[in-house]
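Student: One structure follows; several queries about it will come next.
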Amino acid sequence: GRIAGRYYAVWSGWAQPATTDKTPQQLYIAPLENPWTISTNRVLLSAPDAEWERGPELDLEEGPEFLQRGGSVLVVYSTRDSWLKEYALGQLRLRDTTANPLDRSSWTKTGPVFTGNAEVFGVGHASFVTTADGSEHWIVYHSKDSPTPGWRRSVRMQRFEWPTDREPRFGAAMTSAERIPLPRGDCR
């Protein structure tokens, strides 16, 4: 993402190398020298320390994605055990574009900001698109096909709103039976 004229990379990783995949994952950030070169050592951005980020087997933050509008800079990420129905999305919000993105205290954590329900299970790994005319915002994510543990998933998408320029409202995860209109504009 670009913040105050500088590009940054955010990713999920481990504090140290581990011999098991059941190792807590947190989010790291670093400035970019160019689109393919990180210019400094990584900095810990966020750890899964909130109760809603803790799973029965794995405390996890992964799949971060920048979401920006106006002066709002957000990082939306997946959290909890990825193979369980409780997998959900959390959010970090940068205090303002003059704040140092490499300083953890510049960010506010909120969550969960998007969850599954009785018919949609384990939502995660979101990305965001805007229609060509700029009038609609869509969240694209995956959900589990069953409430039982596992990784069989389907891709879903639905509109979301920006009631203010600072905070999106994703709404409830829509079921497969709910019909939604196609995105506005010419989809080529």
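Student: For F160, what accessible area in Å² do you get when you roll a 1.4 Å probe over the heavy atoms of the protein chains, rounding to the nearest 10?
Tutor: Only protein atoms counted, so the area is about 10 Å².
Student: Report the normalised scattering of segment 60-188 as log10 I(q)/I(0) at q = 0.13, 0.18, 0.22, 0.23 Å⁻¹, calculated by the Debye formula with identical scatterers on the alpha carbons.
Tutor: Here the Debye-derived log intensity ratios amount to -0.56, -1.00, -1.31, -1.37.
Student: Run a plain Debye calculation on segment 135-174 (Cα atoms as equal point scatterers, no solvent) and give log10 I(q)/I(0) at q = 0.20, 0.34 Å⁻¹, rounded to two decimals, same order as the q list.
Tutor: -0.67, -1.16
Student: If DNA, RNA and ligands are ignored and the probe is 1.4 Å, what is the ranking of E161, E33, E62 by accessible area, most exposed first?
Tutor: E33, E161, E62
Student: List the lysines whose Cα lies under 24 Å from the Cα of K144, skipping any in the same chain that are fewer than 8 positions away.
Tutor: K22, K85
Student: Find the accessible area per residue for the chain; the probe is 1.4 Å, ligands and nucleic acids are left out, and the unit is Å².
Tutor: Heavy-atom accessible area per residue stands at 54 Å².
Student: Also, quick follow-up: So how long is each side of segment 1-79 along the principal axes, counting just the alpha-carbon atoms, biggest first, in Å?
Tutor: Ordered largest first, segment 1-79 gives principal extents of 40, 27, 14 Å.
Student: Which aspartates and glutamates, if any, have their Cα less than 16 Å from the Cα of K109, not counting same-chain residues under 8 positions apart?
Tutor: Answer for K109, where 16 Å is the Cα cut-off: D49, E51, E53, D59, E61, E62, E65, D96, E167, listed by chain and number.
Student: If you don't mind, there's one more thing I want to ask. Take the alpha carbon atoms of segment 21-98, find their center, do the same for segment 167-184, and report the distance between the two centers in whole angstrom.
Tutor: 24
Student: Roughly what percent of Cα-Cα pairs across segment 38-107 reach past 14 Å?
Tutor: 61
Student: Here's a follow-up. Over segment 1-147, with every protein chain in place, what whole percent of the accessible area is carbon and sulfur at 1.4 Å, could you tell me?
Tutor: C and S fraction of accessible area: 49 percent.
Student: Another question, if that's okay. What ranking, highest mean first, results for peptides 7-13, 151-157, 179-185 when packing means the other Cβ atoms within 10 Å averaged over each residue?
Tutor: Ranked by mean Cβ neighbours within 10 Å, highest first: 7-13, 151-157, 179-185.
Student: Further question on the same structure: Provide K109, K85, K144 ordered by accessible surface of protein heavy atoms (probe 1.4 Å), highest first.
Tutor: So, going from the largest accessible area down, we get K85, K109, K144.
The values are calculated or read from the model by the stated rules, or taken from the named source; none is laboratory data. Keep in mind the model is a prediction, meaning the values are calculated, not measured. Virtual Cβ from ideal backbone geometry, glycine too; neighbours counted across all protein chains shown. Surface areas here come from the heavy atoms of the whole protein model, side chains and all, with no ligands, DNA or RNA. Shrake-Rupley method; radii C 1.70, N 1.55, O 1.52, S 1.80 Å.
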